1. Which of (1) over 15 Å from the mean Cα position of the chain (by Cα); (2) among the acidic types (Asp, Glu); (3) open to solvent by less than 40 Å² (accessible area, probe 1.4 Å) is the odd one out, the single condition residue 20 does not satisfy?
2. Residue check: is residue 128 outside any loop (DSSP other than H, G, I, E, B), among the aromatic types (Phe, Trp, Tyr) and in contact with a strand residue (DSSP E or B) (Cβ under 7 Å, 6 or more places away or on another chain)?
3. Collect the residues in the stretch 29-54 that are open to solvent by less than 30 Å² (accessible area, probe 1.4 Å) and farther than 27 Å from residue 132 by Cα, keeping them in residue-number order.
4. On the basis of being of a type outside the set (A, V, I, L, M), assigned to a strand (DSSP E or B) and more than 20 Å from residue 22 (Cβ to Cβ), does residue 91 make the cut?
5. Looking only at the stretch 55-93, which residues are over 15 Å from residue 115 (Cα atoms) and open to solvent by less than 40 Å² (accessible area, probe 1.4 Å)?
6. If you scan the stretch 96-116, which residues turn out to be surrounded by 13 or more Cβ atoms within 10 Å (Cβ to Cβ) and either part of a helix (DSSP H, G or I) or small (Gly, Ala, Ser) (or both)?
7. Filter the stretch 53-67 down to the residues that are of a type in the set (A, V, I, L, M, F, W, C) and under 16 Å from residue 26 (Cα atoms) and list them by number.
8. Out of the stretch 36-71, which residues are among the charged types (D, E, K, R) and touching a residue at least 40 places away in the same chain (Cβ under 8 Å)?
Amino acid sequence: MGSELKKKPSLGSRNNFGLEIIELELKDPYMYHLDCAIFPLTKDKVIVATEAFSRKELKQLEKYVEIIPITIDQAHTGLTNSVRVNNYILNASDIDFLKKNSTDYKLERNKNNRLEEIASANAMEVCYFNLEEFLKGGGLLSCLVLNINYQSYKNDLL
């Protein structure tokens, strides 16, 4: 009977999906999905909240892509919860509704500045959306979409 059982392929097997699987563990309780800590910018570059992962995990990622580091605070405020459409990075921001002397405003401004810096360095443009009501439920922009636009990542930027 034991010889009838087939060996289950490992997660890292290229045969399962036609791609290399890199296992990452989210340890931060505010990062409950992978899009809270990682955003694939291009086929060769990935924005990563590097503090969220071990050195070993980051080394695994670096074998395949260039890591663009961001801070945990930038990830918590939604930098990686972006959506890419061609040369545009779509992101949620409620900065216009925050008090300029508040901690939330400073964190949001820091996130937006970093995202714009990354976009500029990669010939992209950022478009912000006010999702203030949706943010109350804890979701961000990437929570509103089903990412099936993987074709954008296969092509070089225009």
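The values are calculated or read from the model by the stated rules, or taken from the named source; none is laboratory data. Since the model is a prediction, treat every value here as computed from it, not as a measurement. Positions of Cβ are backbone-derived with ideal geometry, glycine not excepted, and every protein chain shown enters the neighbour counts. Accessible surface is based on the protein model in full, side chains and every heavy atom, while ligands, DNA and RNA are left aside. Shrake-Rupley method; radii C 1.70, N 1.55, O 1.52, S 1.80 Å.
1. (3)
2. yes
3. Matches in the stretch 29-54: 42, 53.
4. Answer is yes for this residue.
5. 57, 58, 61, 65 - these are the residues of the stretch 55-93 that are over 15 Å from residue 115 (Cα atoms) and open to solvent by less than 40 Å² (accessible area, probe 1.4 Å).
6. Selection gives 104, 105, 106, 107, 108, 109, 110, 111, 112, 114, 115, 116.
7. Correct list: 53, 58, 61.
8. If the condition is that a residue be among the charged types (D, E, K, R) and touching a residue at least 40 places away in the same chain (Cβ under 8 Å), then 43, 45 are the ones that fit.
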